[in-house]
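J.: Okay, here's the structure, questions in a sec.
Values quoted throughout were computed directly from the atomic coordinates according to the rules given, and no laboratory measurement underlies them. None of the values given here were measured: they were computed from a predicted structure. Neighbour counts are summed over all protein chains in view; Cβ atoms, including those assigned to glycine, are modelled from backbone coordinates with ideal geometry.
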Amino acid sequence: MEINPESRLAELGLILPPAPDPAGVYKPVLVVENLLYVSGQAPLRSDGTLIKGRLGADLGLEDGKLAARQVGLAMLATIRKHFGDLSRIRRIVKVLGMVNSTQDFDQHPAVINGFSELMADVFGSENGIGVRSAVGMILPMNIAVEIEAVFEIHR
């Protein structure tokens, strides 16, 4: 049974933040054939502020998971603004999760689980989980997490 992500958002009581404007020269989303590519998204709160800090120094694992979840909400808002109704998405295909972390922090996959768990809640356990990479690096503006993703769309 296919899940309607728009209905799931309402059922879960999730509120999407305002979709951010591009922070450079790029497209927020791009459709190529039946794939929707979403540029890297930051942990944007509903009030327009960003979740900032480095995992292993300023933020703990649970803070990081919440930041990754917030990235997911911002990504859904971006998709809605630049592509349309979320029910046009068939499944998530690929996720690249980037964690702003210290050199000794090694829980990057656990941080990105915050995003992946949200996608599974919204799109279902079959269509909301795709392949994934999670890496640590220094991120711009000291944001805690940045995530980009590829979705398959209905044609």
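J.: Whole-Hz ³J(HN,Hα) for each residue in the stretch 147-153, computed from phi via Karplus 6.51 cos²θ - 1.76 cosθ + 1.60 with θ = phi - 60°, x for glycine and proline: what do you get?
T.: 9, 10, 8, 10, 10, 8, 10
J.: Using alpha carbons only, how many degrees (0 to 90, rounded to 10) separate the axis of helix 108-123 from the longest principal axis of the chain?
T.: So the inclination is approximately 20 degrees.
J.: Would you list which lysines come within 17 Å of Lys27, measuring only between C-alpha atoms, while excluding same-chain residues fewer than 8 positions from it?
T.: Straight-distance partners of Lys27: Lys81.
J.: Once the Cα atoms of helix 61-82 and of the chain are each reduced to a long axis, what angle between those two axes, in degrees from 0 to 90 to the nearest 10, is obtained?
T.: 40
J.: Separate question: Any idea what the relative contact order of the stretch 34-153 is, in percent, if you count C-alpha pairs under 8 Å spaced at least 6 apart?
T.: 44
J.: Compute log10 of I(q)/I(0) for the stretch 34-153 with the Debye formula, placing one identical point scatterer on every Cα and leaving out solvent, at q = 0.11 Å⁻¹, to two decimals.
T.: Reported log10 I(q)/I(0), two decimals: -0.32.
J.: Between Glu117 and Asp47, what is the spin-label point distance in nm, taking each point 7 Å from the Cα along the Cα→C-beta axis?
T.: Inter-label distance under the simple model: 2.4 nm.
J.: Also, quick follow-up: Sort 67-79, 114-126 by packing, meaning the average of other beta carbons within 10 Å per residue, with the highest value first.
T.: Ranked by mean Cβ neighbours within 10 Å, highest first: 67-79, 114-126.
J.: Helix-derived [θ] at 222 nm for the chain: sum -39500 (n - 2.57) over DSSP H runs of at least 4, divide by residue count, nearest 500?
T.: So the calculated ellipticity at 222 nm is -10000 deg cm²/dmol.
J.: Search the structure for amide H atoms under 5 Å from the amide H of Gly136, placed 1.01 Å from N in the peptide plane, and list their residues when 5 or more places away or on another chain.
T.: The answer is Val99.
J.: For Leu61 and Asn142 in the same chain, what is the full-extension length gain: residue separation times 0.36 nm, less their Cα-Cα distance, in nm?
T.: So the extension gain works out to 27.5 nm.
J.: Using modelled amide H (1.01 Å from N, peptide plane; none on Pro or chain starts), what sits under 5 Å from the amide H of Gln41, excluding residues fewer than 5 places away?
T.: Close amide H contacts, sequence-distant or interchain: Ile147, Glu148.
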